[in-house]
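Structure first, then comments.
Taken together, the values in this text are just the output of simple stated rules run on the coordinates, not laboratory data. Remember, predicted model here, so these are calculated numbers, not experimental data. Cβ placement follows ideal geometry from the backbone for every residue including glycine, while neighbour counts extend to all protein chains displayed.
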Amino acid sequence: MIIKFDFRPVITVTLLLMNASLLYAQASVQGILKDQAEGAPLEYATVALYRTDSVLVGGAVTDESGAFALSGLKPGDYYLLAQFVGFRSLTVPTISVAKNEEVSLGVLSLSPDDQLLAEVGVTGEKVTSIHKIDRQVYEAEKFRAAQGGTATDVLRGMPSVSMDVQGNISVRGSSGFVVLLNGKPLQSDPALVLGQLPANAIERVELITAPSAKYDPEGKAGLINIITKKGAADGAFLQANVKYGLPSIQDYDNAEAALRHGADVTAHLRKGKWQSSVGLSYLRNDISGRREGDVYTVSGDTITQFPSDGERSFDDQSYSGRLTLTYSPTASDEFSLGVYGGKRSKDRTADILYDDNHARLQFTGERLYTFQYFNENLRIRKGDFALGSIDYAHTFGDGAKLSASVLYEYTLLGGPTTNVNLNPQTGEVYQEEYNTNDNPLDGFRAQIDYSLPMTDGLQWDMGYQYRSLVHTGDFVYQRKNNATGAFELVPEFSSEVDLSRRIHSGYVQLSGSQGKWEYGAGLRLEVMDRELSLKDKAGQIDTLYQYDFVQPYPSANVQYAVSESLRLKAAYSRRVERTTTFKMNPFPEREHSETLEQGDPTLKPEFIDLIELGAVKDFGANSVFATAYYRNVDNLVNRVNTVFNDTILNRIYSNVGVGTTFGLELGAELQPTSWWKVFAGGNVYHYGIDGRFDERPVSSSAWIHSINANMTFDIRDDLSVQWALNYLSDRVTAQGEDSRYLSPNLTIRKDFGERFSATLQWLNMDMGLLPTNEQRITTWREGSFYTTTNYVYEVDMIMINLTYAINKSLNKSRFIKSEFGEKEF
């Protein structure tokens, strides 16, 4: 089905709304808030405008440059109140506004509240988290175990986030979330994207669980916005970090020792109208480990059981370079250029010894034979990419803002998997297979947004976006002919896969504040056209699959301030989780000796409805929050298993039905003493699956919980200790369950003056006493198969990080990030 959509009515309505809104833009007050001590802009500061009789007429939150604008005002006299955590409030007593007048207050400076800071003992220190109407904001530097690591290490400490033994990240139990970098959406596998971004380049992380209509609707768990450090004031900044891992305490009988080392550097220069930022990074982060498994299958009248044990380790290496250049010819205009390139390889070794036992199933239980073989399996995954973006933003005199952005990416993904079965005693090769793929990707996005402040604190936001993705794949599977020594094509496992996807979307969003209320409501309309072309190497299959839709995505949120210290909020958001090329390729790929993986070309996107209710309570230097949520997922995609033959299971991605989640998220930031800080969060939820696969019902449900916590002890002004804990309980899947996961970490930091610091990390603490960094994955189907695998990865890892910085207050370089390619990595 091809859908033609006429956007002329939408454009007409949008223009009418803009023109109608302009009629009410009578007057405005604007300005910039800065830190009086350092001269740096204050982002997220609050500004409120009152009539002289103390009636609130409007409010605003400053942007990254410290700017605010209150527009659509009636003529009259007002006063303004500006506030920010850790600073003295500032009042501008008399502001007279005439009809259609634009009043500029210029730069307003807030001075640090030294008395308050002394009372709580955190002079000049930021809080760990800030709660806003539509998001939670977390300061990256507060998660010490992440130093020298990547964005993944930063995320794992946040209340909503959990991680399993494979490094897979989930938010409120869902791995379907979208990563944004400085507000730009990335179409990438989160775990692999975040694994390339240095933690030292991150200023803060915003968790947006119920996004508004102005954001892309992708991600069933919402959005994670990574804010990198960016230019704040004139001057130069340089930060360099070196990471080194001590030799492994345990080798797990791996063939090679794990290597862990890396370095990254960030430099920023701002002078007048120009600013530039450069970032370079290299990271080698290997992990040693083993896997212990057992598989039981039933095929015809034969039962097969083959326990296994052996190495499962990862060699992970990445290089990257980032550059941004920004030019601001006037206070109202900004042009920026960003480029990013890199190389990454992730090699997984799975060298496993199998005991293959065959027996008659019926009556006699007669043993047919026992056969032992050794499987050498190496899966190499590589990704080379280059991308660039051009952005422009203009701020009008009445506070309205127009911005436009264009991004293009080219990514070359690929890498072979070798699979060799041989005699463990003699080394004789029984079977040798080789499969590889080259799948380049081209991605393009163009976007334009317009925001218009109105009367009484209201604001219209509207915009349009076009995205295209072209992803071609050449998958070749070969098996060695032991007689001739030549590799021969296996057609049923080899294919050409071409995916193209085009998306048009537009949105309108209305937001505002009145008295104790903040609110927003919006609608996004999306038109998607997807084509998937499949060909097998034998030339017998050539099929085109098309899937198109027109889909609305409404959203709404509201917050009520019961008092200065208590806020209540509610939100609704409709989302979509799109399918990747890999999950739609029906030709099997050999992962290792006992497993094939394949997709479904008719796979439908998941559609998600989310509702949440929350409360935030502040008391002194402490705060607590609670959020109850409900998520319903239609067309739920799960990986399910069938028996391919007596020793191989086939993993298939399929729409299995409906998934529902309801739960409660709790968090607290406490300061029991001036030298002891606690940041802790927990999540408990009920997850259920109801559907069908392969003419059989799929039904499972369970209560699941996770805990992320850290405690910081300031021994001296220049010496601190932080202990962190990540725990995830047992979880259900469509055909089984995953066991609990535990990871405690200890970090000791010593500062040597303002420029140099050293950090000692003890990661995955175990000491032979805890079940740290291991997890058992079990799946079964009654009367067909049962498989269980325990993944045991490295513990008691000791890391040393050395950091040197010049002009820390200027450490705010912002970079672009991959939007398309790394989702397929």
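Below 8 Å, C-alpha to C-alpha, sequence gap of six or more: please give me the relative contact order for the chain in percent.
13
How high is the relative contact order of segment 259-330, given as a whole-number percent (alpha carbon pairs under 8 Å, six or more residues apart)?
On the way: 135 pairs, mean separation 26.7, N = 72.
Averaging sequence separation for qualifying contacts and normalising by length gives 37 percent for segment 259-330.
Between segment 680-720 and segment 332-391, what's the alpha-carbon centroid distance in Å?
25
For residue 347, project a label point 7 Å along Cα to C-beta. Then give me every residue of segment 257-290 with its amide nitrogen under 18 Å of that point.
Taking a point 7 Å out along Cα→Cβ of residue 347, the residues of segment 257-290 whose backbone N falls under 18 Å are 257-262, 283-290.
So who's got an amide H within less than 5 Å of the one on residue 204, skipping anything under 5 residues away but keeping other chains? H placed 1.01 Å off N, in plane.
140, 227
When ranked by the protection proxy of mean other Cβ atoms within 10 Å per residue, highest first, what sequence do the peptides 461-473, 269-281 form?
Top to bottom by mean Cβ count within 10 Å: 461-473, 269-281.
Suppose R0 equals 51 Å; then what is the FRET efficiency for residue 253 and residue 390 from their Cβ-Cβ distance, rounded to the nearest 0.05?
My answer for the efficiency is 0.45.
Take the alpha-carbon positions of segment 24-104, form their convex hull, and give its projected area averaged over all directions (one quarter of the hull surface) in nm².
5.2
Full-extension gain between residue 570 and residue 786, please, as 0.36 nm times their residue separation minus the C-alpha to C-alpha distance.
73.4 nm
So if R0 is 35 Å, what FRET efficiency would residue 305 and residue 531 give, r being the distance between their Cβ atoms, rounded to the nearest 0.05?
Approximately 0.20, to the nearest 0.05.
Kindly state, to the nearest 0.05, the FRET efficiency for residue 77 paired with residue 626, given R0 = 51 Å and r defined as their beta-carbon distance.
0.80
If packing is taken as the mean number of other Cβ atoms within 10 Å per residue, what is the order of 547-554, 606-613, highest first?
606-613, 547-554
Hey, which of these cross-link pairs are over 30 Å Cα-Cα: 34/142; 382/604; 99/271; 142/583; 271/617; 220/677? Don't skip to the answer; put the middle values down first.
Numbers: 34/142 23 Å; 382/604 28 Å; 99/271 37 Å; 142/583 37 Å; 271/617 42 Å; 220/677 33 Å.
In this structure, 99/271; 142/583; 271/617; 220/677 lie more than 30 Å apart at Cα.
Near residue 395, within a Cβ-to-Cβ distance under 10 Å, what is the net charge of the other residues, with Lys and Arg +1 and Asp and Glu -1? Intermediate values should be presented prior to the final figure.
On the way: positive: 401; negative: 63, 333, 334, 398.
Overall, the nearby charge balance is -3.
How much net charge surrounds residue 57 when only other residues with a Cβ under 12 Å from its Cβ are counted (Lys, Arg +1; Asp, Glu -1)? All intermediate terms of the calculation are to be shown ahead of the outcome.
Numbers: positive: 51, 74; negative: 53, 77, 456.
That sum, taken over residues with Cβ under 12 Å, equals -1.
Could I have the simple spin-label model distance between residue 760 and residue 798, label points 7 Å from Cα toward Cβ, reported in nm to one decimal?
0.8
Which length gain, in nm to one decimal place, applies between residue 674 and residue 721 when the Cα-Cα distance is subtracted from 0.36 nm times their residue separation?
15.5 nm
Provide the per-residue ³J(HN,Hα) series for segment 278-288, in order, calculated from phi with Karplus coefficients 6.51, -1.76, 1.60 and θ = phi - 60°, each as a whole number of Hz, with x at glycine and proline positions.
Per-residue couplings from phi come out as 10, x, 10, 8, 9, 9, 10, 9, 6, 9, 7 Hz.
If each of residue 544 and residue 642 carries a label point 7 Å out from its Cα toward its Cβ, how far apart are those two points in nm?
Going from the residue 544 label point to the residue 642 one covers 2.8 nm.
Quick one: net charge of residue 256's neighbours, Cβ under 10 Å, K/R +1, D/E -1?
It works out to a net charge of -4.
Would you mind calculating the gained length between residue 332 and residue 103 on full extension (0.36 nm times residue separation, minus the Cα-Cα distance), in nm to one decimal?
80.9 nm
With all distinct Cα pairs included, what does the Kirkwood hydrodynamic radius of segment 129-824 come out to in Å, to one decimal, could you say?
So the Kirkwood estimate lands at 27.0 Å.
Mean residue ellipticity at 222 nm from the helices of the chain, using -39,500 (n - 2.57) per DSSP H segment of n ≥ 4 over the full residue count, to the nearest 500 deg cm²/dmol?
It comes out at -1000 deg cm²/dmol, rounded to the nearest 500.
Between residue 359 and residue 502, what is the label-point separation in nm under the 7 Å Cα-to-beta-carbon projection?
The answer from the label model is 6.1 nm.
What GluC sites (Glu not before Pro) does segment 646-707 have in DSSP loop regions with at most 12 other beta carbons within 10 Å?
695
Report the dimensions of segment 451-499 along its three principal axes from the alpha-carbon atoms, largest first, rounded to Å.
Principal extents (largest minus smallest coordinate, Cα): 83, 15, 14 Å.
What whole-number distance in Å separates the alpha-carbon centres of segment 768-786 and segment 243-272?
31
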